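The values are calculated or read from the model by the stated rules, or taken from the named source; none is laboratory data. Quantities reported herein were computed from a predicted structural model and do not represent experimental measurements. Cβ coordinates were reconstructed from backbone atoms using ideal geometry, including for glycine residues, and neighbour counts include every protein chain displayed. The protein model used for the area step is the full one, side chains on, heavy atoms only, and it has no ligands, DNA or RNA in it. Shrake-Rupley method; radii C 1.70, N 1.55, O 1.52, S 1.80 Å.
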Amino acid sequence: MIDIKTMTILIVDDMKSMRLTLRKMLRNLEIGKDLLFADNGRSGLSTLKNSSCDLLIVDWNMPEMNGSQMLANLRRDKNIRDIPVVMVTAENERDIVADVAEYEVDGYLLKPLTLSALDTKIKSVIEAANHPDKAKLHLLEARACEEAGNIEGAIDETRKALALKPNASRILRKLGLLYLEIKKNEIGEKCLQKAVAVNRQDTISRRHLAKLYINKHAFKRAAKLYMEILSFSTRHFDSAVQLGETLLINGFRNEARMLFSRIMSKSRSSKGLQEKIINICMENQEYEFVAEIVTEAIKDNPSNMDLMYKAGTIYLETGDQEKAMECFVTVDNNRRGDIKTKLQIAQIHFNNRRILQTDDYLNRILRIDPSNKEALKMRQQI
């Protein structure tokens with residue numbers, strides 16, 4: 001049993017002012033005797049290796065290792081996985097909803113904190129830890145069965161928990177995954193579908209369902225689920241991009257474009273992700289779609305000459321030599337010594353039988369590199 005007045009609490013927050021505020025609030029509430037502090041998830045886990053704690057109060061948004069990453073590690077460690085956790089988050093951090101579901105956060109608080117909210121939340125979390133309901137006890141027994149290799153026993157205990165809480169998406173999801181583990185895919189799929197039906201923000205069940213549909217080559221259904229996932233969470237871009245590539249490879253081009261568009265609209269600040277999508281589309285000859293992406297990207301970052309050059313090569317693939325020329329000339333004006341760009345411009349002039357302009361650019365290239373084979377070969381042809 002955890003004594004709310006004498007328990008040990010670990011506060012994990014990168015802001016010293018927030019750690020001090022929480023300490024003052026807990027003292028005023030007479031909650032906890034020993035208070036420990038860490039400034040990020042990594043140092044918080046390190047503290048837990050050497051100290052026994054009864055409750056964690058963890059900030060969601062931290063550098064080095066955030067609250068989600070800390071919780072993922074915490075729940076994997078049998079020695080500390082059952083410590084109750086209260087997550088603290090800013091109101092606009094919507095992904096906390098997904099984290100609450102995935103890492104079994106016991107409660108969360110929105111900033112700015114109030115004494116009343118902190119008091120109520122901690123007391124309810126500790127009460128639940130001290131007196132778990134029957135459904136929770138069945139789930140703990142199910143976990144023990146699963147870890148002992150008794151999947152049938154785990155299913156039986158999970159079903160008992162579900163009978164007590166028939167609309168709990170977390171329990172439905174767990175039951176579905178257990179059925180999938182023993183290859184009863186049809187029952188597992190139905191459990192996951194119900195989990196999604198009772199909790200529209202359950203991104204985890206959607207991801208498991210999508211994986212099941214991909215294995216069944218039901219790609220359109222998987223794409224629909226990921227479109228929903230991206231409406232609720234920004235944490236699954238990588239797997240969404242993977243699915244987009246799978247859709248392209250298997251001929252579901254409209255679905256791939258819709259998925260990539262959704263990813264791009266949700267991740268405008270991620271240039272690496274943007275470039276990955278562009279490269280995938282280029283490899284799969286989706287040139288017109290890539291041209292649209294790059295056009296929008298250039299509007300956001302007109303000084304990115306690498307992107308401008310890529311836009312030129314894409315317009316060439318779509319047959320729009322005029323737009324390609326505009327891009328290459330812009331790059332050439334900003335990179336005077338760039339032979340590769342000058343060769344592109346010379347080639348476009350050559351293709352359009354503009355001999356004087358072709359010769360002008362070949363001269364520019366040869367002044368930089370007198371032995372350039374491509375320029376010399378083109379000169380022989382004019």
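The table for this structure:
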{"item": "Protection proxy ranking, peptides 14-21, 289-296, average beta carbon neighbours within 10 Å, highest first", "result": "289-296, 14-21"}
{"item": "Expected 222 nm ellipticity per residue - DSSP helices of 4 or more, -39500 (n - 2.57), all of the chain, to 500", "result": "-21500 deg cm²/dmol"}
{"item": "Electrostatic dipole magnitude of the stretch 168-248 [Cβ: Lys, Arg +1; Asp, Glu -1; Cα centre; debye, to 20]", "result": "260 debye"}
{"item": "Computed E for ILE151/ALA197 - FRET, C-beta separation, R0 25 angstrom, nearest 0.05", "result": "0.50"}
{"item": "Most to least accessible of SER116, SER169 (protein chains only, probe 1.4 Å)", "result": "SER116, SER169"}
{"item": "Of GLN69, LEU139, LEU164, farthest towards positive along the dipole that unit charges on Lys, Arg, Asp, Glu beta carbons give the chain", "result": "LEU164"}
{"item": "THR114 accessible area, assembled protein chains, probe 1.4 Å, Å²", "result": "70 Å²"}
{"item": "Gap separating the Cα centres of the stretch 27-48 and the stretch 330-382, nearest whole Å", "result": "66 Å"}
{"item": "Hits among lysines - C-alpha to C-alpha of LYS216 under 22 Å, sequence gap 8 or more where chains match", "result": "LYS174, LYS183, LYS184, LYS190, LYS194, LYS224"}
{"item": "Area accessible to solvent at VAL329, 1.4 Å probe radius, in Å²", "result": "50 Å²"}
{"item": "Residue of LEU356, LEU180, LEU273 that the Gaussian network model of the chain assigns the largest fluctuation, springs spanning Cα pairs under 10 Å", "result": "LEU356"}
{"item": "Candidate residues ASP82, ASP332: accessible-area rank, largest first, probe 1.4 Å", "result": "ASP82, ASP332"}
{"item": "Test item: Cα-centred dipole of the chain, Lys/Arg +1 and Asp/Glu -1 on Cβ, debye", "result": "280 debye"}
{"item": "With all protein chains modelled, accessible area of MET62 [1.4 Å, Å²]", "result": "10 Å²"}
{"item": "Accessible heavy-atom area order of ILE187, ILE171, highest first, probe of 1.4 Å", "result": "ILE187, ILE171"}
